[in-house]
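Read through the structure below, which is laid out as structure tokens, and then see the notes.
The values are calculated or read from the model by the stated rules, or taken from the named source; none is laboratory data. This structure is a prediction, so every number in the text was calculated from the model and none was measured. All Cβ positions, glycine included, derive from the backbone under ideal geometry; neighbour counts span all protein chains shown.
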Amino acid sequence: MSAVPDRSITTAWAPAKVNLYLHVGSPGAGGLHPVDSLVMFADMRAADRISARTWPQLTLAVEGPGARGLKNAPNNLSLAAAMALRDACGRSGLGAALTLHKELPVAGGVGGGSADAAATLHVLNKVWGIDFGGAALERLATPLGSDVPACIRGRPLVMRGTGERLYDTDAPALPAVLVNPGMTLETRRVFERFDQKGPNRTFRETDPPDAEDLPGFAAAIQGYRNDLEPAAISMCPEIGKVIQMLRAEKGCLVARMSGSGPTCFGIFQSEDAAERAEQAISARKRKYWVRATTLRGSEQAPHYGA
């Protein structure tokens, strides 16, 4: 007689990760680049979603508008995260039926795969009754990818080293618009183009902005940069057009590329201004992926549940 699965479903959000700045050093002996980056996370308007229910086997179904981009992916970080959690607790017989609703751009510079892995760890930690704490989940996430521990934490933070050193920081909530020009960029190739320009002798770890209000914080962010932006634009000139488009929208305070691109972000003076910009850009560029969202501030607790 076959087992009767639990019909209750537990869901977690996997929000976009946005690099407000990204300073990159020259690669070390292992080929990895030191980074210094301020990271914030979107609300559920710019997020994937992971749902799970107990099941005899471990399975994954992918749905949603971004599912096609994962069709030929050789490995999926959500499954890798599930297997890592199962191994860590020593219960190899655990199973779950996972469903990934994919909204975020694949290879888009907003950590979609890393966010999915982090959300999978959160949801299965609950479904399987493992009850690992946040620090344990971050340690477990480290081998899955340099961004996954940050996505586990899900609050404003500074990433340093090769992504393994995380420091919570204060930041206000930021009305924002995320724009992807309907293209992908492989992170490895962007770093290779960056390295072709020679050693980055200006790299150093810098204190994040300490402004508590939105205008002051946005003004301070102008003084930082994304070191990968020139390399990415040389590979995908449309990125430069997206940044200029965001800057031209009324109420935009700062615009920049996130991560290794091609997704870019604009910080706006209000939620209304961000929503108007989303509507205007979407109407002009129907093939673009455009989302108005709020980058959650340090006073807002991470939100994982649906």
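For the stretch 170-226, the set of residues classified as within 30 Å of ALA277 (Cα to Cα) and part of a helix (DSSP H, G or I) consists of THR187, VAL190, LEU214, PRO215, GLY216, PHE217, ALA218, ALA219, ALA220, ILE221, listed by residue number.
Scanning the stretch 149-164 for residues that are of a type outside the set (Val, Ile, Thr), in a helix (DSSP H, G or I) and touching a helix residue (DSSP H, G or I) at 6+ places or on another chain (Cβ under 7 Å), we see that the one that is farthest from GLY31 (Cα to Cα) is ARG153. Scanning the stretch 179-215 for residues that are hydroxyl-bearing (Ser, Thr, Tyr), closer than 16 Å to ASP36 by Cβ and in contact (Cβ under 8 Å) with a residue 24 or more places away in the chain yields one hit, THR206. Residue count for the stretch 145-174 under the criterion of being surrounded by fewer than 24 Cβ atoms within 10 Å (Cβ to Cβ), touching a residue at least 12 places away in the same chain (Cβ under 8 Å) and either of a type in the set (D, E, K, R) or within 20 Å of GLU299 (Cβ to Cβ) (or both): the result is 12.
Residues that are closer than 23 Å to ASN19 by Cα and in a loop (DSSP other than H, G, I, E, B) within the stretch 85-114 comprise LYS102, GLU103, LEU104, PRO105, VAL106, ALA107, GLY108, GLY109, VAL110, GLY111, listed in sequence order.
Taking the criterion of being without any contact (Cβ under 8 Å) to a residue 40 or more places away in the chain and of a type in the set (Val, Ile, Thr), the only residue of the stretch 16-74 that qualifies is THR59. Of the set (1) free of Cβ contacts under 8 Å to residues at least 24 places away in the same chain; (2) within 22 Å of the chain's Cα centre (by Cα), all apply to ALA218 but (1). Among the conditions (1) within 17 Å of the chain's Cα centre (by Cα); (2) polar (S, T, N, Q); (3) at pLDDT 95 or above, THR162 misses just one, which is (3).
For the stretch 183-213, the candidate set comprises residues that are more than 30 Å from GLY66 (Cα to Cα), surrounded by 11 or more Cβ atoms within 10 Å (Cβ to Cβ) and charged (D, E, K, R); within that set, the residue that is farthest from the chain's Cα centre (by Cα) is LYS197.
Scan the stretch 275-303 for residues that are surrounded by 20 or more Cβ atoms within 10 Å (Cβ to Cβ) and at pLDDT below 95 and the total you get is 0. For the stretch 227-263, the set of residues classified as of a type in the set (D, E, K, R), part of a loop (DSSP other than H, G, I, E, B) and surrounded by 14 or more Cβ atoms within 10 Å (Cβ to Cβ) consists of ASP227, GLU249, listed by residue number.
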